[in-house]
Amino acid sequence: MNRNYVLAGVGGQGILFITRILHDAVLKEGHHVLVSETHGMAQRGGSVVSHVRVGSMQSPLVRAGTADGLLVFEADELPNTVSFLKPGGAAVVNGPDSARMPFQLSEYLKQLPAELHVLDASRIALETGAPLTANMILLGFSIERLAFPFSYEAVEDTVRNLSREPYREQNLKALASGYEAGSLGEKR
């Protein structure tokens with residue numbers, strides 16, 4: 001089983017932390033995993049991109065047109081990463097709704113074809129009084145939508161182990177709320 005995922009957003013959204021969670025969750029399930037990070041201007045809100053490859057891979061970088069899934073934490077980063085998706089792949093995007101996506105992107109995804117799932121994780125995080133947990137909400141949501149090769153329980157256990165004490169329970173609640181939102185919709 002080989003799977004490729006690309007994570008994208010901007011500095012400060014916790015993308016590298018989510019990459020670490022995915023890495024450790026994959027290892028817990030007994031799979032081989034390679035990851036790579038690009039975060040040159042992250043301190044200034046610049047683009048941050050991570051690649052997660054599961055299976056018998058030789059290189060940590062996902063080639064264009066081969067990603068099974070995109071996890072996009074900032075909707076404005078979707079145009080920069082959509083070319084990674086393969087036909088039949090899926091993108092999970094943090095944004096207000098799919099109707100606000102640029103028409104060209106929507107048409108590109110339809111013609112690929114690829115699924116687009118949009119969740120306003122930032123709004124949900126603000127409403128719960130924990131705005132820094134948008135990344136956990138989106139991760140929880142994506143577990144069902146991106147068909148990751150690990151269980152929700154493996155991710156939950158990893159979040160519990162990697163989160164520092166003051167944030168552990170908050171992260172677990174955010175992960176659970178995102179997972180619940182992802183499970184309510186039509187499954188792949």
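Take the stretch 132-153 and flag every residue that is crowded, with 19+ Cβ neighbours inside 10 Å and either among the basic types (Lys, Arg) or more than 18 Å from LEU70 (Cα to Cα) (or both). If the condition is that a residue be crowded, with 19+ Cβ neighbours inside 10 Å and either among the basic types (Lys, Arg) or more than 18 Å from LEU70 (Cα to Cα) (or both), then THR133, ARG145 are the ones that fit. Here GLY182 fulfils each of the conditions (1) open to solvent by 20 Å² or more (accessible area, probe 1.4 Å); (2) modelled with pLDDT under 90 apart from (1).
Yes/no matrix, rows are residues, columns are (1) open to solvent by less than 20 Å² (accessible area, probe 1.4 Å); (2) among the hydrophobic types (A, V, I, L, M, F, W, C):
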site	(1), (2)
GLU29	no, no
VAL52	yes, yes
ALA75	no, yes
PRO102	no, no
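Based on this model, can you work out whether THR81 counts as within 16 Å of the chain's Cα centre (by Cα) and crowded, with 16+ Cβ neighbours inside 10 Å? Here the answer is yes, as THR81 does meet what is asked.
Among the residues making up the stretch 111-124, a single one is in contact with a Leu (Cβ under 7 Å, 6 or more places away or on another chain) and in a helix (DSSP H, G or I): ALA121.
Condition check ((1) part of a helix (DSSP H, G or I); (2) modelled with pLDDT of 95 or more; (3) more than 21 Å from ALA121 (Cα to Cα)) across all residues:
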site	(1), (2), (3)
ARG63	no, yes, yes
LEU71	no, yes, no
LEU78	yes, no, no
VAL92	no, yes, no
PRO96	no, no, no
ALA99	yes, no, no
GLN104	yes, no, yes
TYR108	yes, no, yes
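Has the stretch 140-163 got any residue that is farther than 22 Å from ILE21 by Cβ, part of a helix (DSSP H, G or I) and without any contact (Cβ under 8 Å) to a residue 24 or more places away in the chain? No, the stretch 140-163 has no match at all. Consider the stretch 5-17 and keep the residues that are outside any loop (DSSP other than H, G, I, E, B) and crowded, with 23+ Cβ neighbours inside 10 Å. The one that is nearest to the chain's Cα centre (by Cα) is LEU7.
The values are calculated or read from the model by the stated rules, or taken from the named source; none is laboratory data. Please read these numbers as outputs of a predicted model, since none were measured by experiment. As a convention, Cβ positions derive from the backbone with ideal geometry for all residues, glycine included, and neighbour counts pool all protein chains shown. Please note that ligands, DNA and RNA were not included when accessible areas were found on the heavy atoms of the full protein model with its side chains. Shrake-Rupley method; radii C 1.70, N 1.55, O 1.52, S 1.80 Å.
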